[in-house]
Amino acid sequence: MWSAVDGGAPASVLTGPAGSGKTTLLRTLAEDAETRKRRVVMLAPTGKAASVLRAKSGRPAGTIHGALYR
């Protein structure tokens, strides 16, 4: 996954069906990113999804809409 993130793109999108491990992967990437001194912003398409992401990752998470209009 880091090859996709380190490819120079300013953003990455992770998609997959429920229960496929998206949140677990994001949590692991965020932990690793912190050790690499990288900035991580966790965004979800809905408030409910952001709430689940926040609870399972232990990190701040918001909606894409909220990030665009801040």
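The values are calculated or read from the model by the stated rules, or taken from the named source; none is laboratory data. All of these numbers come straight from a predicted model, not from anything done at the bench. Cβ placement follows ideal geometry from the backbone for every residue including glycine, while neighbour counts extend to all protein chains displayed. With ligands, DNA and RNA removed, areas are computed over all heavy atoms of the protein, side chains included. Shrake-Rupley method; radii C 1.70, N 1.55, O 1.52, S 1.80 Å.
For segment 1-13, the set of residues classified as open to solvent by 60 Å² or more (accessible area, probe 1.4 Å) and either in a loop (DSSP other than H, G, I, E, B) or at pLDDT 90 or above (or both) consists of M1, D6, G7, G8, P10, A11, S12, V13, listed by residue number. The set of residues from segment 48-70 being touching a Ser or Thr at 6+ places or on another chain (Cβ under 6 Å) and over 18 Å from S12 (Cα atoms) comprises just one member, K56. Have a look at A55, A49 and point out the one that is assigned to a helix (DSSP H, G or I), surrounded by 15 or more Cβ atoms within 10 Å (Cβ to Cβ) and without any contact (Cβ under 8 Å) to a residue 60 or more places away in the chain. Within the list A55, A49, the selection yields A49. The set of residues in segment 58-70 being of a type in the set (V, I, T) and part of a strand (DSSP E or B) consists of T63 alone. Consider segment 31-46 and keep the residues that are open to solvent by less than 90 Å² (accessible area, probe 1.4 Å) and under 16 Å from A18 (Cα atoms). The one that is modelled with the lowest pLDDT is A44.
Filter segment 18-37 down to residues that are of a type in the set (A, V, I, L, M) and part of a helix (DSSP H, G or I) and give me whichever is farthest from the chain's Cα centre (by Cα). Per the criteria, the residue is A33. Would you check if G58 is out of contact with any Gly (no Cβ under 7 Å at 6 or more places or on another chain) and modelled with pLDDT of 85 or more? When the stated conditions are applied, G58 passes them.
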